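**Q** So that we are looking at the same thing, I have put the structure below in structure tokens.
The values are calculated or read from the model by the stated rules, or taken from the named source; none is laboratory data. These figures come from a predicted structure and were not determined experimentally. Methodologically, a virtual Cβ is constructed for each residue, glycine included, from the backbone with ideal geometry; neighbour enumeration extends over all protein chains shown.
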């Protein structure tokens, strides 16, 4: 009996360790997919057309308690940026920042209402219902008729969505977005500021510098959430570094306009 008990305990321990390993790997894999470089076709097209160096700073998942501080730093450097916003419960207390984003010369674009992959990527119908909900929320604060840019949660080439809507869902959504008159954009530089590693300001700056190496047009992914206060601390260094490297700041819409619509 004692041998059997030890065997059962050993099996249960091994099973627990296996489950923890799978959980860790899945979390790590999803995190990687969130922050890896997805599809930088727009930046490539812009680099082929534009003279000089340009950078679009983009902030996902706001507004948040850090939005005001981000806007203040951007104003100091006279750097326009693009905010891909959400309508999660954590965003609600900061909706009053939305008009201030526009007043500062920045762009508001669509990201997701819920940002829950399991819900928005169940089907293309569910995705567009989510976008409709986001637009309804925003309409109380800004003119949504002027908002026709979006960023797919996880990027246009994410594979996490396949778990819920099948392997072809992103291709379908991209085609439907274009049919509906939306423009979409990913990124080609990532600050890695929303990863489980929780990098400090110096690490975020290094990530941006390394990602921008060799690029004349950069679309930088950063985040505007309560958990990314280090992004605010890193922002002056990021802006200063891009300025010293001869980059000009622009919104995604401005870059698109400068390339005559791609």
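**Q** For the stretch 176-196, state whether one or more residues are surrounded by 15 or more Cβ atoms within 10 Å (Cβ to Cβ), in a loop (DSSP other than H, G, I, E, B) and more than 16 Å from the chain's Cα centre (by Cα).
**A** Looking through the stretch 176-196, at least one residue is surrounded by 15 or more Cβ atoms within 10 Å (Cβ to Cβ), in a loop (DSSP other than H, G, I, E, B) and more than 16 Å from the chain's Cα centre (by Cα).
**Q** Something else now. Of the numbered conditions (1) under 16 Å from the mean Cα position of the chain (by Cα); (2) part of a helix (DSSP H, G or I); (3) more than 18 Å from residue 82 (Cα to Cα), residue 208 satisfies every one except a single condition; which is it?
**A** Of the numbered conditions (1) under 16 Å from the mean Cα position of the chain (by Cα); (2) part of a helix (DSSP H, G or I); (3) more than 18 Å from residue 82 (Cα to Cα), the odd one out for residue 208 is (3).
**Q** Out of the residues in the stretch 242-262 that are within 23 Å of the chain's Cα centre (by Cα) and free of Cβ contacts under 8 Å to residues at least 24 places away in the same chain, which is surrounded by the fewest Cβ atoms within 10 Å (Cβ to Cβ)?
**A** Applying the filter and picking the extreme gives 261.
**Q** Looking at 92, 72, which is the one that is surrounded by fewer than 16 Cβ atoms within 10 Å (Cβ to Cβ) and farther than 25 Å from residue 220 by Cβ? Full working, then the answer.
**A** Working: 72 fails: farther than 25 Å from residue 220 by Cβ.
Going through 92, 72 in turn, just one is surrounded by fewer than 16 Cβ atoms within 10 Å (Cβ to Cβ) and farther than 25 Å from residue 220 by Cβ: 92.
**Q** Return the total of residues in the stretch 124-151 being crowded, with 16+ Cβ neighbours inside 10 Å and not in a helix (DSSP H, G or I).
**A** The total comes to 6.
**Q** Which of (1) in a helix (DSSP H, G or I); (2) touching a residue at least 12 places away in the same chain (Cβ under 8 Å) is the odd one out, the single condition residue 225 does not satisfy?
**A** If we test residue 225 against (1) in a helix (DSSP H, G or I); (2) touching a residue at least 12 places away in the same chain (Cβ under 8 Å), just (1) comes out false.
**Q** Just checking, does the stretch 90-105 include any residue being under 19 Å from residue 140 (Cβ atoms), in a loop (DSSP other than H, G, I, E, B), at pLDDT 95 or above and in contact with a helix residue (DSSP H, G or I) (Cβ under 6 Å, 6 or more places away or on another chain)?
**A** The answer is no, given that none of the residues of the stretch 90-105 is under 19 Å from residue 140 (Cβ atoms), in a loop (DSSP other than H, G, I, E, B), at pLDDT 95 or above and in contact with a helix residue (DSSP H, G or I) (Cβ under 6 Å, 6 or more places away or on another chain).
**Q** Being over 17 Å from the mean Cα position of the chain (by Cα), at positive phi and not in a helix (DSSP H, G or I): is that true of residue 154 here?
**A** no
**Q** Kindly check whether there is at least one residue in the stretch 171-180 that is touching a helix residue (DSSP H, G or I) at 6+ places or on another chain (Cβ under 9 Å) and more than 22 Å from residue 109 (Cβ to Cβ).
**A** No; the residues of the stretch 171-180 include none that is touching a helix residue (DSSP H, G or I) at 6+ places or on another chain (Cβ under 9 Å) and more than 22 Å from residue 109 (Cβ to Cβ).
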